Amino acid sequence: MGWMEKRVTQQESIDHDGLFKELVETFFWEFLELFLSPVLDYIERGSVSFLHQEVYSSIGAEEKRIIDLLAQVQFRGQDSYFLFHIEPQSSSQADFEKRMFCYFGRLHEKYDLPIYPVVIFSYDSPQKEAESNYKIEFPDFQVLLFNFRAIQLNRLNWRDYLRQHNPVASALMAKMKIAREDRPQVKVECLRMLATLQLDPARTEFISKFVDTYLRLEVDEEQRFQAEVDRLESGEREAIMQALTSWEEKGWQKGEATLALRILNRKLGKLSLEVEEQIQSLKVDQIEALGEALLDFEEIEDLISWLENLENS
């Protein structure tokens, strides 16, 4: 890898809520089929529309919170609608049930529609069952009992979802209850299922990236993962490796371009936006070549000349 072996890598912060929101929006019906299948008996298929994100201030605080996903759907055979409020929750928080109730009240007041609240608990711990209701009661009288659907991934066994043939299952198995020794096998099974789904390249890439985000293997686990892949039939093996290579190459290209720009800006001075965009559009092998060539650059004209020669070659 040459000069790139010397780079210092940093753990990127993960936008958990953004990843889960994109997963549910992209595969909304598959999400319902997997976790909320009874709803499909009274919903008009294909009628979903996603509403813009709602921003609310927390009760008693200045902090603003964003409702992650709000989807409007139609009752089957009726000219009436209801809302799905789907909230990914990546950490255990006190008073979360109260927050869900407050969201419910504000959304119900604004839209005057029935609301189906759903929470995807995606944190790794604690594994005790999460609360799924908020209540206000007195010794002689219950004022309120508010319920929401709770999907707690760390209490679901990944083996129960192996035969679902569902892209959401392919992604979310990576966040379910997994024994340490099963991690390489689970990653294989996630990607194996993905390969059989035959999705378009963009959706395949997204799920592959989702799985790798949440199942980043250690060196010894990677070796076991590769051994498991090698035991698959050639067609499955090639499909898995193709899915991995597609997004890994894009991620690699972005990271290498960023590092090259950092070095060039330090060595040659601030680059123009046009030159930065040229470098960001280079392919992986071209960035590798640039990494070798930039060692000899002394001024900005050397870089521009190198880019022009590349373009004309």
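A few comments on the model shown:
- Using the average count of surrounding beta-carbon atoms within 10 Å as a protection proxy, the listed peptides 98-111, 80-93 rank, highest first, as 80-93, 98-111.
- Distant-in-sequence amide H partners of Ile43 (H built 1.01 Å from N, under 5 Å): Arg76
- Exposure proxy order (Cβ contacts within 10 Å, fewest to most) of Thr26, Thr204: Thr26, Thr204
- Against the main long axis of the alpha-carbon atoms of the chain, helix 183-197 sits at an angle near 90°.
- For the chain, the longest principal axis of the alpha carbon atoms and the long axis of helix 300-312 meet at an angle near 80°.
- Dipole orientation for segment 157-232: of the candidates Leu172, Leu217, Gln198, Leu172 has the Cα lying most toward the positive pole (charges on Cβ; Lys, Arg +1; Asp, Glu -1).
- Sequence-separation-based contact order of the chain, relative, with Cα cut under 8 Å and 6+ spacing, percent: 11
- Among the listed pairs Lys187/Lys283; Lys187/Lys209; Lys98/Lys128; Lys128/Lys175; Lys128/Lys187, a Cα-Cα separation exceeding 21 Å is found for Lys187/Lys283; Lys128/Lys187.
- Cα gyration tensor shape for the chain, rounded if a/c is under 1.5, else prolate or oblate: prolate
- Once the Cα gyration tensor of segment 122-202 is diagonalised, semi-axes √(5λ) in Å: 36, 16, 8
- Rounded to 5, percent antiparallel among DSSP beta bridges of the chain: 60
- DSSP bridge orientation in segment 14-155 - percent antiparallel, rounded to nearest 5: 60
- Dividing the convex hull volume of the alpha-carbon atoms in segment 252-312 by its residue count gives 72 Å³ per residue.
- When Rg and Dmax are taken over the Cα atoms of segment 160-313, they come to 20.0, 60 Å.
- The listed peptides 162-171, 228-237, 16-25, ordered by packing as a protection proxy, come out as 162-171, 16-25, 228-237 (highest mean of other Cβ atoms within 10 Å first).
- Anchor Lys110: aspartates and glutamates whose Cα lies under 12 Å away (excluding residues fewer than 8 positions away in-chain): Glu54
- Distances between placed amide hydrogens fall under 5 Å for Tyr81 paired with Phe75, all partners being 5 or more residues away or on another chain.
- Within the chain, helix-based [θ] at 222 nm, where runs of 4 or more DSSP H residues each add -39,500 (n - 2.57), nearest 500: -15000 deg cm²/dmol
- Degrees between helix 284-293 axis and first principal axis of the chain (Cα, 0 to 90, nearest 10): 40
Every number here is computed from the coordinates shown, using simple stated rules; none is lab data. Bear in mind the structure is a predicted one, so any value in this text is a computation, not a measurement. We place every Cβ from the backbone using ideal geometry, glycine too, and count neighbours over all the protein chains shown.
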